[in-house]
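*Asks:* My structure is below; once you've seen it, I'll send some questions.
The values are calculated or read from the model by the stated rules, or taken from the named source; none is laboratory data. Remember, it's a predicted structure, so these values are computed and weren't measured experimentally. All Cβ positions, glycine included, derive from the backbone under ideal geometry; neighbour counts span all protein chains shown.
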Amino acid sequence: MSAVRPVPVETTVSEEELLATGTSLASAPAEEVLAWAEHRFGARAVIATSFGPEDMVLVDMSRRHARSLRLLTLDTGRLPPETYELMEVVRNRYGVTVETFFPDHERLEALQSEHGHFSFRKSVDARKECCAIRKVEPLRRALAGRLAWVTGLRRDQSSNRADVSVLSVDREHGGLLKLSPLASWTARDVWNYLREHGVPYNPLHDRGYLSIGCAPCTRAVKPFEDERAGRWWWESAEHNECGIHARR
C-alpha cells in the first residue's frame, strides 16, 4: 500500500491502524469489508451509488451484512429514465432511504444559458466543467461530515482504475477513508452475484450499455470494447473519468 497522509483526528484511525487494516482488508471478502466499515463508522459511512451493477451488488450485500450503512446518489438531471425507475425499485425492495444530491441550480443555469445544453461536446475541458457542476461539487456536499465512503470501483473496469485499492485515504474529500470492496472482482463476478441473489439491475445493461451515466454521455458498447468505452466515447481513453474519482 502506498504512503498516505494521516487521516483527520475525527476518524480516530491512526496511520498505523490504517496501514494494518489496509493490509488485512486487501484480500478480504467484500462482505467483510462492508462489515468492518459498519463496525468502525456506523451510519457515518456511506455507499455512493449510481445504480450500476457493482453498486447494486453493494446495496444488496450491505442490506445483508451492514445495514446501518447509508446510501447516497447524485441526480445530475440528465439520467436515463431507466435509472430513475431502478432507484424506486431499490427503495421499495430494500426499504431504504436514498439520500439524493442535486447540482447547484445557479451554476447549472449559468452553464446552460452561456454555453448551451450540449457544451460538454465542445472539448474535454468543457465536458469536465459540466461534470464538475453536475457530479463533483454535489459529491463534495454529499460527503461532508462522513467518515468513510464505499464505491463500486473495480480494477478491470479500465486502465485508469487498474491500481484501485480496497482501502485508501481520499485526499480530494478532506482525508476521509475510501473503500472499494469489489476492487478485485471481475465483471463476471458481479453478474454472477446479481443472478445468484436475484438482484434488480438497470435494463439498459441488456441492451449493451455496460456503464451508465448521463443519457447524452452514454452509449451501448460494441463487441470487444472496454466496458467504459460507452462513456464520453468521443474523447480518448485517458480522459474517461468524470472527476469523482480524481487522483493526484
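*Asks:* Could you check how many residues of segment 188-213 are free of Cβ contacts under 8 Å to residues at least 60 places away in the same chain and surrounded by fewer than 17 Cβ atoms within 10 Å (Cβ to Cβ)?
*Replies:* Of the residues in that region, 9 qualify.
*Asks:* To continue, here is another question. Among the candidates GLY52, GLY22, GLY42, single out the residue that is of a type in the set (Gly, Ala, Ser) and on the phi > 0 side of the Ramachandran plot.
*Replies:* Only one candidate passes the filter, namely GLY42.
*Asks:* I want to confirm something. Restricting to segment 154-167 and keeping residues that are crowded, with 19+ Cβ neighbours inside 10 Å and at pLDDT 85 or above, which single residue is nearest to the chain's Cα centre (by Cα)?
*Replies:* Ranking the candidates gives ARG154 first.
*Asks:* Among (1) of a type outside the set (Ser, Thr, Tyr); (2) surrounded by 16 or more Cβ atoms within 10 Å (Cβ to Cβ); (3) assigned to a helix (DSSP H, G or I); (4) modelled with pLDDT under 95, which single condition is VAL7 missing?
*Replies:* The failed condition is (3).
*Asks:* Okay, moving on. Quick check on PRO181: is it in contact with a helix residue (DSSP H, G or I) (Cβ under 7 Å, 6 or more places away or on another chain), farther than 24 Å from THR218 by Cα and either free of Cβ contacts under 8 Å to residues at least 40 places away in the same chain or buried (at least 17 other Cβ atoms within 10 Å of the Cβ) (or both)?
*Replies:* In short, yes.
*Asks:* Confirm whether VAL221 is at pLDDT 90 or above and closer than 26 Å to ALA126 by Cβ.
*Replies:* For VAL221, the condition - at pLDDT 90 or above and closer than 26 Å to ALA126 by Cβ - is met.
*Asks:* Another one. Look through ASP60, ASP55 and report the one residue that is under 19 Å from ARG146 (Cα atoms), in contact (Cβ under 8 Å) with a residue 24 or more places away in the chain, surrounded by 14 or more Cβ atoms within 10 Å (Cβ to Cβ) and among the acidic types (Asp, Glu).
*Replies:* ASP55
*Asks:* Scan PHE118, PHE102 and give me the residue that is over 15 Å from the mean Cα position of the chain (by Cα), more than 30 Å from GLU17 (Cα to Cα), loosely packed, with under 14 Cβ neighbours inside 10 Å and touching a residue at least 60 places away in the same chain (Cβ under 8 Å).
*Replies:* Unique residue meeting the criteria: PHE118.
*Asks:* Is it fair to say THR97 is more than 15 Å from TYR201 (Cα to Cα) and among the β-branched types (Val, Ile, Thr)?
*Replies:* Taking the combined requirement at face value, the residue satisfies it.
*Asks:* Let me ask something else about it. List every residue pair whose Cβ atoms lie under 7 Å apart, where the two residues are 6 or more positions apart in sequence or sit on different chains, the first residue falls within segment 218-230 and is within 18 Å of ARG188 (Cα to Cα), and the second residue, located anywhere, is buried (at least 18 other Cβ atoms within 10 Å of the Cβ) and of a type in the set (S, T, N, Q).
*Replies:* Sorted first by the residue in segment 218-230, then by its partner, the pairs are ASP226/SER158; GLU227/GLN157; GLU227/SER211; ARG228/GLN157; ARG228/SER158; ARG228/SER211; ARG228/ASN240.
*Asks:* Of the numbered conditions (1) within 18 Å of the chain's Cα centre (by Cα); (2) within 14 Å of GLU54 (Cα to Cα); (3) among the charged types (D, E, K, R), LYS178 satisfies every one except a single condition; which is it?
*Replies:* Here LYS178 meets the rest and fails (2).
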